[in-house]
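Notes follow the structure.
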Amino acid sequence: MAWLREAPFGWAFLFLFLLSMARANVTYWAGRGIAAGVKHTRFQHVLTGPIYQRAERYMQRWGVYAIPLSFMTVGIQTAVNASAGVSRMPLSRYLPAVSVGCLIWATIYSTVGMAVVYAWLALGWQWIVAGALVLGIVTVAWIRHRRKER
């Protein structure tokens, strides 16, 4: 893991930016594909109805600000990018917004995020394994709890 500690900031930042751009754009295009696929089913009326058309116009006008802001959160980036694709946000609006968001994300993770990774690595492998086990147990317990509620 010495290579990770010796990675220059610029390369780490560039790698994280490109990774984020790839993930966000794949999600956007998956959303576009979903929207195109629905057009050929009995649910097509949903995409052509007045409510959806109004929502699409709203997303195209104001939704662009939601994209870069989503990169400062945990858990909604994928939903926001997919929603931009489903709503067929024009690339002329989406690409600048997602670029800003990816720059924000790369900045956060190449600074604070890497500091957390370095701290974990300094603890030693046994603590990393223990943390992963605890995280796994908590996740399984939470999923079972949610299933029982339903």
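Residue count for the range 1-46 satisfying the condition of being of a type in the set (Gly, Ala, Ser), modelled with pLDDT of 90 or more and touching a Phe, Trp or Tyr at 6+ places or on another chain (Cβ under 9 Å): 2. Residues in the range 64-87 that are more than 19 Å from Ala22 (Cβ to Cβ) and open to solvent by less than 60 Å² (accessible area, probe 1.4 Å): Val64, Ala66, Thr73, Val86, Ser87. Under the condition of being closer than 17 Å to Gly10 by Cα, surrounded by 12 or more Cβ atoms within 10 Å (Cβ to Cβ) and not hydroxyl-bearing (Ser, Thr, Tyr), the residues counted in the range 101-116 number 8.
Output yes when any residue across the range 116-125 is small (Gly, Ala, Ser) and in contact (Cβ under 8 Å) with a residue 24 or more places away in the chain, and no when none is. The answer is no, given that none of the residues of the range 116-125 is small (Gly, Ala, Ser) and in contact (Cβ under 8 Å) with a residue 24 or more places away in the chain.
Pairs needed: first member in the range 84-109, over 13 Å from Tyr28 (Cβ atoms); second member anywhere, open to solvent by 70 Å² or more (accessible area, probe 1.4 Å) and assigned to a loop (DSSP other than H, G, I, E, B); C-beta distance under 7 Å; at least 6 residues apart or different chains. Short answer, once both residue conditions are applied: Ile104/Met72.
The values are calculated or read from the model by the stated rules, or taken from the named source; none is laboratory data. Because the structure is predicted, anything quoted here is derived from the model rather than measured. Because the Cβ atoms are built from the backbone with ideal geometry, glycine has one as well, and the counts that use them run over all protein chains shown. Accessible surface areas use protein heavy atoms only, side chains included; no ligands, DNA or RNA. Shrake-Rupley method; radii C 1.70, N 1.55, O 1.52, S 1.80 Å.
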